[in-house]
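Colleague: Shown below is the structure under consideration.
The values are calculated or read from the model by the stated rules, or taken from the named source; none is laboratory data. Nothing here was measured: the structure is a model prediction, and the numbers come from that model. Don't worry about glycine lacking a Cβ; one is built from the backbone with ideal geometry, like all the others, and counts go over all protein chains shown.
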Amino acid sequence: MSYEEWFREDRLPHIFCVGCGNGTVINCTLSAVEQMGWKREDTVFVSGIGCSSRAPGYIMTDSLHTTHGRALAFATGVKMANKDLNVVVFTGDGDLAAIGGNHFIHACRRNIDITVVCMNNQIYGMTGGQGSPTTPSGAISTTTPYGSAEPPFDLCELAMAAGANYVARWTSYHVKELTRAVLAGLENPGLSFIEALVQCPTNYGRRNKFRQVMDQVEYMRTHAMLLQKAHRLAEQGEPVPEEMILVGEFARRSRPALGVRP
Ligand SMILES: Cc1ncc(C[n+]2csc(CCOP(=O)(O)OP(=O)(O)O)c2C)c(N)n1
């Protein structure tokens with residue numbers, strides 16, 4: 001229940017649908033922030049536009065709810081203006097990887113000392129379920145009524161290739177692992193990218209044969225494969241089934257970073 005110290009109860013009721021996974025990610029992040037011992041007055045949450053980007057509104061710190069896709073640009077400005085601030089970005093897959101894709105790769109390249117938590121529901125949630133850059137091939141959305149014909153981005157591979165210091169992926173099922181990953185990201189200087197796959201029962205689940213909220217959570221549980229296991233399989237020449245969700249720590253390194261406290 002550590003979120004309570006940071007939670008703006010006066011903002012209830014929140015806008016998330018019943019069964020949405022975003023609350024879990026907010027809770028995991030606040031739990032990690034609390035373990036860091038950060039003070040509210042030194043901590044800033046920044047977001048773009050989308051369901052996930054509403055997260056900072058429920059947190060008791062100064063925050064920026066910015067324009068669609070531009071969260072990382074604003075966060076970069078905040079951090080470069082005052083390196084003493086702890087800066088955490090909440091973003092969605094559309095916000096981060098579609099309209100904000102360019103900001104994403106350059107923030108990773110610059111390796112700005114901020115932590116980015118992406119709630120990846122694999123769809124444009126807020127605008128009614130259009131396909132996003134992470135919509136799986138074959139998945140149904142309002143813009144891909146016959147199944148997406150495109151391959152999705154792997155956000156973690158992208159962040160790693162672009163230069164982020166810390167990269168990890170978990171899901172809203174993996175509460176403890178996700179919290180630990182956010183904590184590691186907060187501790188590690190440079191850009192930390194944590195992808196959290198989340199269920200979106202309203203706009204993704206009901207179109208993709210997840211009739212109940214728990215069906216999608218169960219899917220994430222049963223289809224998560226530890227990165228180490230995938231590497232082991234690859235070494236043995238065994239293919240990793242395409243539908244598996246690789247989870248774990250993709251990168252933890254110490255490239256030179258921008259905005260680190262002197
Ligand atoms: C410049 C601009 N283009 C489009 C929109 C409309 N818009 C609002 S939210 C959104 C997509 C949100 O998807 P995602 O970032 O995946 O977040 P989610 O709602 O799924 O959490 C879009 C396209 C906008 N607000 N501004």
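Colleague: Determine, yes or no, whether THR135 is modelled with pLDDT of 95 or more and assigned to a helix (DSSP H, G or I).
Modeller: no
Colleague: For region 29-62: of the residues being in a helix (DSSP H, G or I) and within 16 Å of the ligand (Cβ to nearest atom), which is surrounded by the fewest Cβ atoms within 10 Å (Cβ to Cβ)?
Modeller: GLY57
Colleague: Filter region 35-49 down to the residues that are touching a strand residue (DSSP E or B) at 6+ places or on another chain (Cβ under 6 Å) and either farther than 20 Å from GLY100 by Cα or not hydroxyl-bearing (Ser, Thr, Tyr) (or both) and list them by number.
Modeller: Going through region 35-49, the residues touching a strand residue (DSSP E or B) at 6+ places or on another chain (Cβ under 6 Å) turn out to be 38, 42-48.
Scanning region 35-49 gives TRP38, ASP42, THR43, VAL44, PHE45, VAL46, GLY48.
Colleague: Checking the conditions here, which among PRO201, PRO189 is touching a helix residue (DSSP H, G or I) at 6+ places or on another chain (Cβ under 6 Å), in a loop (DSSP other than H, G, I, E, B) and either modelled with pLDDT of 95 or more or under 23 Å from MET126 (Cβ atoms) (or both)?
Modeller: Going through PRO201, PRO189 in turn, just one is touching a helix residue (DSSP H, G or I) at 6+ places or on another chain (Cβ under 6 Å), in a loop (DSSP other than H, G, I, E, B) and either modelled with pLDDT of 95 or more or under 23 Å from MET126 (Cβ atoms) (or both): PRO201.
Colleague: From (1) on the phi < 0 side of the Ramachandran plot; (2) assigned to a loop (DSSP other than H, G, I, E, B), pick out the condition that doesn't hold for LEU158.
Modeller: (2)
One line per residue, one yes/no per condition, for (1) crowded, with 22+ Cβ neighbours inside 10 Å; (2) more than 19 Å from GLY185 (Cα to Cα); (3) not hydrophobic (A, V, I, L, M, F, W, C):
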residue: PHE104; (1), (2), (3): yes, no, no
residue: ALA107; (1), (2), (3): yes, no, no
residue: CYS118; (1), (2), (3): yes, no, no
residue: ASN121; (1), (2), (3): yes, yes, yes
residue: PRO133; (1), (2), (3): no, yes, yes
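Colleague: Also: Which pairs have Cβ atoms under 6 Å, sit 6 or more apart or on different chains, and link a residue in region 111-124 that is in a loop (DSSP other than H, G, I, E, B) to one that is aromatic (Phe, Trp, Tyr) and buried (at least 24 other Cβ atoms within 10 Å of the Cβ)?
Modeller: ASN121/TYR204; GLN122/TYR204; ILE123/TYR204
Colleague: Name the residue, out of ILE105, ILE99, ILE112, that is of a type in the set (Val, Ile, Thr) and within 16 Å of the ligand (Cβ to nearest atom). Working first, answer last.
Modeller: On the way: ILE105 fails: within 16 Å of the ligand (Cβ to nearest atom); ILE112 fails: within 16 Å of the ligand (Cβ to nearest atom).
Every option except ILE99 fails the conditions.
Colleague: I'd like to know if region 86-96 contains one or more residues that are farther than 19 Å from TYR166 by Cα and outside any strand (DSSP E or B).
Modeller: Yes: region 86-96 contains one or more residues that are farther than 19 Å from TYR166 by Cα and outside any strand (DSSP E or B).
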